Amino acid sequence: MSALKPLSVLATLALSAGAAVADMPRSFGILEFGPDNTLFVADSAGGLIHAYTLPSGGEAPEQDAAFNLLDVDQLVADALGSSGRLVYSDLTVHPVTKVAYVSVTATSDGVETGAVVAISRDGVVEILDLGALPSSQFTLEDTADSGVTFWRDIPAPSLTVTDLDYANGELFVSGVSTGEFASTLRRVPFPFGSEASSTSIEIYHAAHNQNETRAPIRAMEVVDIDGTPTAVAAYTCTPLVTIPVDALADGAHVTGKTIAELGYGNTPLDVISFSAANFQGEVSNYVLVVNREMDADLITLENLTEAAAAPGLSEPVPYLGATSGVQTVPLPLSGVVHMADQDGQFLLALRRDLDTGAMELVSFRKGSFFRLSDFISEYNFPDYAYADDEMSNGIRMFQNLLKADEGFPGQIRQ
Amino acid sequence: MMVRASVVAALLCAATMASATCPSRELGQADIYPTGDVLPENMLRFYIYYPRSMGASAGLAHIRLLDAEGTPIDGAFLPTREELWSPDRLRLTLLFDPGRVKTGLKASASLGRALIAGEAYTLEVSGKSEDSNGCPLGRPTTHAFTAGPADVDPPNPSTWTLTAPAAGSLAPLSINLGSAHDHLSLAFRLRVLDASGEIVPGQIALGEAEKSWSFMPSRPWAASQYALAIEDSLEDLAGNRPGTPFDRPPGSDPLPWPNRVSFSPEG
């Protein structure tokens, strides 16, 4: 593919192309799909959110299937033609084609090279030609020009976007100010152009026994809770808060309801909502909070709904490190850098192999939330014989399913 | 195929710029805010203003907080996935880890505040910080200061002293704030409104250590009533806002404070 052209050729092209390409992000941050093939790219350095219209025509895959790419760094480095350090800012999945979209920045000799890349299940990496796509932009800076100048040239505070979520015709934008430090949640109607609203959010943080207005939302998702669109937002250290979207009026100061303290010393990475069948085939809706330092927290929508209807936490946790609030199931998702809902049967993760440091793009079957090939256990030995009882047959069939998912059909045991 | 040469070229244009020859003279020093030489031990942030648009690696990696012996203090600033640069990459905001600023937190209990009242410190921006062309600043920038007692008092405009200008003049409206305030707040969160509530155009200047604020109108003052408008997001150096201290226990109500202070230029 043309992305594999040698660096020297690209450098020559750069000289002839000039410095500026219109509508290109200066930084490549959070990604989110909107309606009609729209891909939102948060560009904190440019103080913008870009909305790109991707070419239509991509087809849905014939069936749900797992990603099993165990060295994405190499694939991406080859595509970018960069040998620098790679930092992955976000991962999302195209709602139709189920292709992974990743924002990535390569840093080499202090120079950043950023891109949004599309990665297919078979490992083909394409750099999106964002400059050639139809696009619109939303400006994050909200300090109006009032004819007032300052004692020196100072840039206005802008927003570094921590998360985006598109729901019901609006883009929800959470962030930290590049100047001030306030938890701001913006509602931006899409298509861009209508008035956006900006709301400051206060929460009660039971682990800190403080009302907090300054801590930024780190990850969020708008979830339909009992018919009410509600932002489910996770903060550092790790309060989980619900905020009905209707409360987010412009200029309002809103107190979110703290429904859980998930644990201290942790930054939440992603909040994902999805439905999945359990081992009995019953379909339930879930919200998953993926964490950097801790287990991921799986919450049923049923429990979340109950917690959102209750008064919320108002007492400090009994001891440092205690958790409280809505019931969660810890999931063994360590090393995950970003996670997204993939399709009916899988979640997709960028995951760092903790031994080799390799970045993987791998799917986790919903309901199991683990990858069999991560483990060497007794079952792996060729002379292991599954017993012929109901439980052993169940384990064998489940393991066979995961072996097929993860690219080891030859190891299926009859 | 989604790849076009122009885009790949744009992605790499910075790489070609990096090979440019750096000027032999120094690029200039950075400016550090707040500028005071006594700063509260619970201060929330430093701002670094660079003379040039800076490169990808210029941030936290090239900034150190040193104690009186010159030993770097680890973990003082909150690492964020994306550093808090202004869009033009001329200003970097450094947040002290709020877990170490607030009382009663794990990080606060185990690590303590990064600053201790009475101790001397130096914030140092390395001269090796590189601009977007890969050229180093040259000389380090330092700001020596002493940590003062924690500031837990919300800014209260009713305690500010306004010196009203003369009607018909371009003389500044001067306000003694009594204590240091966040310089960005002073730039963006205070405005002068005319009798009809419109923002008066003009220029803001800040006094020593950001303890005073003055405003020179573009047109002479009228002999009518004006108001200083204060937004509730105005902060002092410790993140206290009018009515609400940074460390606000639950159940405590915001204190009353005036968001308008009237004044009339006298003829």
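Laid out as a table, the results:
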item	result
Order of A:Val148, A:Val241, A:Val99 - criterion: other Cβ atoms within 10 Å of each residue's Cβ, fewest first	A:Val99, A:Val148, A:Val241
Charge dipole (the protein assembly as shown, unit charges on Cβ, about Cα centre) - positive-most of A:Ala252, B:Val261, A:Val124	B:Val261
Cβ neighbours within 10 Å from other chains - mean over A:152-161	6
Whole-Hz ³J(HN,Hα) from phi, Karplus 6.51 cos²θ - 1.76 cosθ + 1.60, for the stretch B:169-181, glycine and proline x	9, 9, 5, x, 7, 10, 10, 8, 7, x, 8, 6, 10
Taking the C-alpha atoms of the stretch B:205-246, convex hull volume expressed per residue in Å³	95
Highest average packing first - A:325-338, B:230-243, Cβ atoms within 10 Å	B:230-243, A:325-338
Dipole moment magnitude, nearest 20 debye, the stretch B:138-242 about Cα centre, only Lys, Arg, Asp, Glu C-beta charged	320
Burial order of peptide ranges B:204-212, B:67-75 (average beta-carbon count within 10 Å, highest first)	B:204-212, B:67-75
Within the protein assembly as shown, percent of DSSP bridges classed antiparallel, to nearest 5	95
Hull volume in cubic angstrom per residue (convex hull over the Cα atoms of the stretch B:124-267)	163
Charge dipole (the protein assembly as shown, unit charges on Cβ, about Cα centre) - positive-most of A:Ser83, A:Pro25, B:Leu206	B:Leu206
Distance from the stretch A:229-288 to the stretch A:81-113 (C-alpha centre basis), Å	26
Average partner coverage of B:200-213, which counts Cβ from other chains inside 10 Å	2
Computed P(r) (all Cα pairs; the stretch B:182-267; 10 Å bins; percent)	16, 43, 29, 10, 2
Cα-centre dipole for the stretch A:329-414 with unit charges at Cβ (Lys and Arg positive, Asp and Glu negative), debye to 20	220
Candidates A:Asp250, A:Asp165, A:Asp355, ranked by Gaussian network fluctuation over chain A, Cα under 10 Å, top entry	A:Asp355
Convex hull volume per residue for the protein assembly as shown, taking Cα atoms only, in Å³	179
Residue-wise HN-Hα coupling along the stretch A:125-140, computed from phi with Karplus coefficients 6.51, -1.76, 1.60 (Hz; x: Gly, Pro)	10, 10, 7, 6, 8, 4, x, 9, 8, x, 8, 9, 10, 10, 8, 7
Equivalent ellipsoid, the stretch A:219-367 (semi-axes from 5 times Cα gyration tensor eigenvalues, Å)	25, 19, 15
Out-of-range pairs (alpha-carbon distance over 23 Å; input A:Lys366/A:Lys403; B:Lys128/B:Lys211; A:Lys257/A:Lys366)	B:Lys128/B:Lys211; A:Lys257/A:Lys366
Cα principal axis extents for the stretch A:338-414, largest first, Å	40, 30, 19
Amide H contacts of A:Asp270 (H built 1.01 Å from N, under 5 Å, at least 5 apart or other chain)	A:Val290
³J(HN,Hα), Karplus 6.51/-1.76/1.60, whole Hz, each residue of the stretch A:167-180, x for Gly, Pro	8, 6, x, 9, 9, 9, 10, 10, x, 10, 6, 6, x, 8
Neighbouring partner chain Cβ atoms per residue of A:126-136, average, 10 Å criterion	4
Fraction in percent of alpha-carbon pairs per bin - 5 Å, the stretch A:51-98	4, 14, 18, 20, 21, 18, 4, 0
Cα convex hull of the stretch A:45-152, projected area averaged across orientations, nm²	10.0
Interchain or long-range residues, amide H under 5 Å from A:Leu48's placed H	A:Asp43, A:Leu140
Over the stretch B:167-267, relative contact order from alpha-carbon pairs under 8 Å, at least 6 apart, %	32
Coil-residue chymotrypsin sites (Phe, Trp or Tyr not before Pro) of the stretch A:327-387, DSSP, other Cβ within 10 Å capped at 14	A:Phe370, A:Phe375, A:Tyr384
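Coordinate-derived values only; no laboratory data. Keep in mind that what you see is a predicted model, and the values were worked out from it rather than measured. When we count neighbours, we look across all protein chains shown, and the Cβ atoms used for this are built from the backbone with ideal geometry, even at glycine.
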